[in-house]
Amino acid sequence: MAKGTVTQKIIDQHFIGGEKIPGKPVSIRIDQTLTQDATGTMAYLELEAMKIPRVKTELSVSYVDHNMMQNGPENRNDHLYLQSVAAKMGVQFSAPGNGICHQVHLERFGIPGKTLLGSDSHTPTGGGIGMMAIGAGGLDVALAMGGKAFRLPYPKVIGVRLTGTLAPWCAAKDVILKLLSILSTKGNVGSIIEYFGEGVKSLSVPQRATITNMGAELGVTTSIFPSDERTREFLVAQGRSENWVELQADADCQYDQVIKINLADVVPLAACPSSPDNIKAIADLGDLKVGQVIIGSCTNSSYRDLAMVAMALKGRHVSSEVTLSIAPGSRQVLEMLARNGMLADIIAAGGRVLETGCGPCIGQGQSPADDTVTVRTFNRNFAGRTGTKGDQNYLTSPETAVAVALTGKMTDPRQSGIEYPKVIEPEQFLLNDSMIFPAGNEADTEIIRKRTIGAPPTNKPLAKDLDGRVVIKVGDKITTDHIMPAGIHLKLRSNIPAYSQVVFECFTEPDKPSFAQRAAAVRDAGHHGVIVGRDSYGQGSSREHAAICPMYLGIKAVIALAIERIHSANLINFGILPLIFADPADYDAVKENSVIRIENVREQLAVGKPVTALLDGKKITLTHKLSDEDIRIIVAGGMLNCAN
């Protein structure tokens, strides 16, 4: 094996083709996939549309963890479809209540050195166990389940050298918040974060998984830790010792960039409203009054996290000014806490126990009151994501969150007066996989398809000339939550005509036409819809509906100063052209309803070549990072047209 980083070694083992030059496209083999119900329904509909009868991966798992609230038949209809299609296609199914996909996969399926592709942006959680775990759109995951290679730019590798050990009340969450303060949420596309150094040994697998999970907010392809003795201990405790392999970077390997973090210098931090990179020290936030605390999500709901919280709460009671909710990340964690009495300690202290799922992290319940500060151990605090407009959402570690819950105000846990609980990692986790259903027999399984299950829409091939009208112009850091809201609307994910009506709902003004109405008017007039954004357009969730629904409304191009990796791939997969302004001044010149015309667009699209367009009659230059394969997909009108 060639000497190098852990990243390079895994890519070498899975390499299929391309140029191993940073930024150049390469193809790799995918060993495992995961889907969750918010994105998985469409992924399996796409798999059916491609007439792939059975998956070809080593392992694929379908999880139900997002839309657990059954306020109407839509969610349960999707669950029944997912369970039946999983059985027919050779996919394991993790039932509602079994836990959040990333935590359950880490506990029960993750294997060091393997590749994992998931239809959720926080799939990099698996990097905590030494996997190359990458988030992608549902169609890319469907293709991987069908045995196709996954395409990505050959990455730059940013090495993060960890030294020292964390001080009491300072947490793994604070480490990733520290890194976000250094690198921010933008400008890191095409990179992979790899952790190394003596400090790595002091971190357990759940702590490492917290760090790699929220690495998604950096905009990198993934993050990864080596597989070492701590990894082996975790797998032994999960009854999976046979899955362990050692995986270390070579001592003389070269990183493209090195960032040094002394864990001993890390202090309790918070991501302040409303971006994960708006980082401040807890000690600098003063006595800010807090009305709600929620501890959970795929970032911070491991046994270690919740055991620490239970121990800190034992014999105490949360502030009367605060509501405290706890959402265990898996049934394994919930049952262990119930059996050892820690769940009783949480309840006695005034904690409310939520279902093992994503819930409030995606706006499914537990929205805070107006003008109320909420402290959450989650990974995203985009404006309005809680379900409350104008929310004040601070992201912290469980250590900080429990101190806040007890005092009712922003509190540095080091000043709480509580002795830091010492959690002992279990030598044996409770093993109960009864809610993971194995794949069935293709011939004996009937797919359950209720009336709310639609079919994935297809696009028309790219026209000779793009006759564009700007439907909306937006600014920096537009997330997929802005484009395609979750919350109460997420149950419409299998009904594209209905879901498309709330695209960019957050920008709809009272008594003004919605984005959907304006886009449909442009489409019906025979023109092509165009979305214009500024920097870091499409960050956040991997939800491909942020491409599917605009495509359904007639959008043919997105033009911005920068477009994030997963969203760009989703646009390509559904035949929407992602382009970049060569001159930022051209963004400033765009107005809503501006005409953007690209003549002979098919002929102009070539690898590394700029595109000439007319913006309200003025010639401008647009660039792109499309490969030959990307161009072929866009010209065809999307991957589904190519696959058939």
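Readers should treat all values here as calculations from the given coordinates under stated rules, not as data from a laboratory. Only a predicted model underlies this, so the values are computations on that prediction, with no experimental measurement involved. Heads up, the Cβs are rebuilt from the backbone with ideal geometry, glycines too, and the neighbour counts pull from every protein chain shown.
Among residues other than Glu107 with Cβ under 14 Å from its Cβ, the summed charge is -1 (Lys and Arg +1, Asp and Glu -1). Of the residues Gly475, Ser367, Gly341, the one whose Cα sits farthest towards the positive end of the charge dipole of the chain is Gly475 (charges of +1 on Lys and Arg Cβ, -1 on Asp and Glu Cβ, taken about the Cα centre).
Over the chain, what is the relative contact order in whole percent, taking alpha-carbon pairs under 8 Å and six or more residues apart? Walk me through the numbers before you get to the answer.
Numbers: 1621 pairs, mean separation 93.6, N = 644.
With pairs under 8 Å counted, the relative contact order is 15 percent.
Sequence-distant contacts, meaning Cα pairs under 8 Å at least 6 residues apart, place the relative contact order of the stretch 23-139 at 30 percent.
The simple spin-label model puts a point 7 Å past each Cα toward its Cβ; for Lys314 and Ile424 those points are separated by 1.2 nm.
For the chain, the longest principal axis of the Cα atoms and the long axis of helix 205-214 meet at an angle of about 30 degrees.
Give the angle, between 0 and 90 degrees and rounded to the nearest 10, that separates the Cα long axis of helix 172-183 from the longest principal axis of the Cα atoms of the chain. Once rounded, the angle reads 40 degrees.
Counting only other residues whose beta carbon sits under 9 Å from that of Lys464, what net charge do I get with K and R as +1, D and E as -1? Spelling it out: positives minus negatives among the neighbours equals -2.
Normalised radius of gyration (Cα atoms, divided by 2.2 N^0.38 Å) for the stretch 261-374: 1.12.
The slack in the chain from Gln517 to Thr612, taken as 0.36 nm per residue of separation less the alpha-carbon distance, amounts to 31.3 nm.
Over the Cα atoms of the chain, each weighted equally, I'd like the Debye log10 I(q)/I(0) at q = 0.06 Å⁻¹, rounded to two decimals. One equal scatterer on each Cα of the chain leads to -0.30. Pairs of lysines in the stretch 466-643 whose Cα atoms sit within less than 15 Å of one another amount to 4, provided the residues are eight or more positions apart or on different chains.
Coupling constants for the stretch 276-281 follow from the phi torsions by the Karplus curve (6.51 cos²θ - 1.76 cosθ + 1.60, θ = phi - 60°), and in residue order they are x, 9, 8, 9, 9, 6 Hz; glycine and proline get x. Each Lys or Arg adds one and each Asp or Glu subtracts one; over the other residues with Cβ under 14 Å from the Cβ of Ala369, this totals -2.
Charge dipole of the chain (Cα centre as origin; +1 on each Lys and Arg Cβ, -1 on each Asp and Glu Cβ, all else neutral): 760 debye, rounded to the nearest 20. Converting phi to 3J(HN,Hα) with the Karplus coefficients 6.51, -1.76 and 1.60 and the offset θ = phi - 60°, the stretch 159-168 yields x, 10, 8, 9, 10, x, 9, 5, 7, x Hz in sequence order, with x at every glycine or proline.
Given the DSSP H assignment, sum -39500 (n - 2.57) over each helix run of at least 4 residues in the chain and divide by its residue total; what's the result at 222 nm in deg cm²/dmol, nearest 500?
Calculated from helices alone, the mean residue ellipticity at 222 nm is -8000 deg cm²/dmol.
Between the listed residues Gly97, Gly296, Ser241, the Cα displaced farthest toward the positive end of the dipole of the chain, a dipole computed from Cβ unit charges relative to the Cα centre, is found at Gly97.
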